[in-house]
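Worksheet: one structure, shown below.
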Amino acid sequence: MRTTESGTSFLKDAAKSPDGAAPPPRWAIRAAHVASLTTLPSGLWRVALAIGLPVGYSEASARELFDAPGAGSAYLIGLTVLLELLSLLSLGLVRPWGEVVPRWVPLLGGRGIPPRAVVISAAAGAVALTALWVPFAVLWWWSDGDGHLTGTAHTLVGLTYLPLALWGPLLGALAFSYHRRHKKGRP
């Protein structure tokens, strides 16, 4: 069993819930970690594009479409950081900081987070992500992209964005698990 820096087990640490909720099941912990990694491949691709590495676009196409490297690089890197941070929120559905605001947060530290707010936010995110990324992941393979990618690059870009199709369904499963663990009057 893995331990945290304080020496307590990961599962025991996850079991510390203010409302007495059961600890998250192992599958949920694994799913949260997978969900938090779904944005990594496409993020690495965007950063490579932002810094001028050849990742399927000619230098002229990268400048024309994304202004990268250049002013568009800030957008590409900003989008990557935003998506990485949002995907890391999946971990909050299986960690104590998804139930109680960490003490270091000014004004709110130590306060419980209403489970209903967490479930509604996660479920809405799951629906939006599924509606966005699943069709993209499926339709990408029948399109020619933006017409500037070579066949090999089109496949590479498709493979880096394919994990995003898992993010919404995984988040939905995590929201359901969180809801089950926190609902009042459970057996």
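The values are calculated or read from the model by the stated rules, or taken from the named source; none is laboratory data. On a predicted model such as this, the values are computed, not experimentally measured, just so you know. Because the Cβ atoms are built from the backbone with ideal geometry, glycine has one as well, and the counts that use them run over all protein chains shown. Note: accessible area is taken over every heavy atom of the protein model, side chains too, but ligands, DNA and RNA are not part of it. Shrake-Rupley method; radii C 1.70, N 1.55, O 1.52, S 1.80 Å.
Percent of Cα-Cα pairs more than 28 Å apart in the chain, please. List each step's numbers first, then the result.
On the way: 6445 of 17391 pairs.
Percent of Cα pairs beyond 28 Å in the chain: 37.
Using a 1.4 Å probe, what is the accessible area per residue for the range 32-129, in Å²? Result: 54 Å² per residue.
If one puts a single equal scatterer on every Cα of the range 15-96 and applies the Debye formula without solvent, what log₁₀ I(q)/I(0) results at q = 0.19 Å⁻¹? So the normalised log intensities are -0.78.
What does the net charge come to around LEU76 if you take all other residues with beta carbon closer than 12 Å to its beta carbon, with K and R at +1 and D and E at -1? Charge balance near LEU76 sits at 0.
As a rough guide to protection, the peptides 171-179, 42-50 ranked by mean Cβ packing within 10 Å, highest first, stand as 171-179, 42-50. The HN-Hα couplings worked out from phi for the range 98-107 by the Karplus form 6.51 cos²θ - 1.76 cosθ + 1.60 (θ = phi - 60°) are x, 10, 9, 5, x, 4, 6, 7, x, 6 Hz, whole numbers, x standing for Gly and Pro.
Close amide H pairs (under 5 Å, H built 1.01 Å from N) link VAL100 with ILE113, residues at least 5 positions away or on another chain.
Dipole size in debye (nearest 20) for the range 41-153 around its Cα centre, Lys and Arg Cβ +1, Asp and Glu Cβ -1?
Details: 6 positive and 7 negative charges, 139 e Å.
My answer is approximately 660 debye.
Our helix-only sum for the chain, with -39,500 (n - 2.57) per DSSP H run of n ≥ 4 divided by its residues, gives a mean residue ellipticity at 222 nm of -18500 deg cm²/dmol. Here the accessible area of the chain is 70 percent carbon and sulfur, with a 1.4 angstrom probe and all protein chains present.
Computed from backbone phi with θ = phi - 60° and the Karplus coefficients 6.51, -1.76 and 1.60, the 3J(HN,Hα) list for the range 39-53 is 8, 5, x, 5, x, 5, 5, 5, 5, 4, 4, 5, 8, x, 6 Hz; x is used for glycine and proline.
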